[in-house]
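Since the structure comes first, as structure tokens, the remarks are kept for the end.
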Amino acid sequence: MATKQTVRCPNCGTLAERSYTHQVTQTQCHRCDYLMITCSVTGKVVEAYAPGLSLRC
């Protein structure tokens, strides 16, 4: 069973949805199409998409 929570989107600042399951945490914003899926056990990023953010190395 997933637990859902309303949070601020780290990309655009509007309201987004975060859901928790047994091993996965997913944060998504329907306004800017932000998506971050992480493993709840290890903290590693499984999948991420953040339009408008550039990758800095």
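No other residue among Ala16, Ala50 is modelled with pLDDT under 90, open to solvent by less than 50 Å² (accessible area, probe 1.4 Å) and either of a type outside the set (Val, Ile, Thr) or under 8 Å from the mean Cα position of the chain (by Cα) (or both) apart from Ala50. Could you grab the pairs with beta carbons closer than 6 Å, sequence gap of 6+ or different chains, first residue in segment 1-28 and under 18 Å from Cys39 (Cβ atoms), second one assigned to a loop (DSSP other than H, G, I, E, B) and of a type in the set (Gly, Ala, Ser)? The qualifying pairs are Ser19/Ala2; Thr21/Ala2; Gln23/Ser40; Thr25/Ser40. Of all residues in segment 1-13, those that are surrounded by fewer than 12 Cβ atoms within 10 Å (Cβ to Cβ), assigned to a loop (DSSP other than H, G, I, E, B) and at pLDDT 90 or above total 1.
Using the structure shown, decide if Val41 is aliphatic (A, V, I, L, M) and outside any strand (DSSP E or B).
Numbers: aliphatic (A, V, I, L, M): yes; outside any strand (DSSP E or B): yes.
It is true that Val41 is aliphatic (A, V, I, L, M) and outside any strand (DSSP E or B).
Within segment 21-39, being farther than 14 Å from Val7 by Cα, open to solvent by 50 Å² or more (accessible area, probe 1.4 Å) and either modelled with pLDDT of 95 or more or in contact with a Ser or Thr (Cβ under 9 Å, 6 or more places away or on another chain) (or both) holds for Thr21, His22, Gln23, Val24.
The values are calculated or read from the model by the stated rules, or taken from the named source; none is laboratory data. These numbers were taken from a predicted model, which means no experiment stands behind them. Positions of Cβ are backbone-derived with ideal geometry, glycine not excepted, and every protein chain shown enters the neighbour counts. When the accessible area is computed, the model is the full protein with side chains, heavy atoms only, and any ligands, DNA or RNA have been set aside. Shrake-Rupley method; radii C 1.70, N 1.55, O 1.52, S 1.80 Å.
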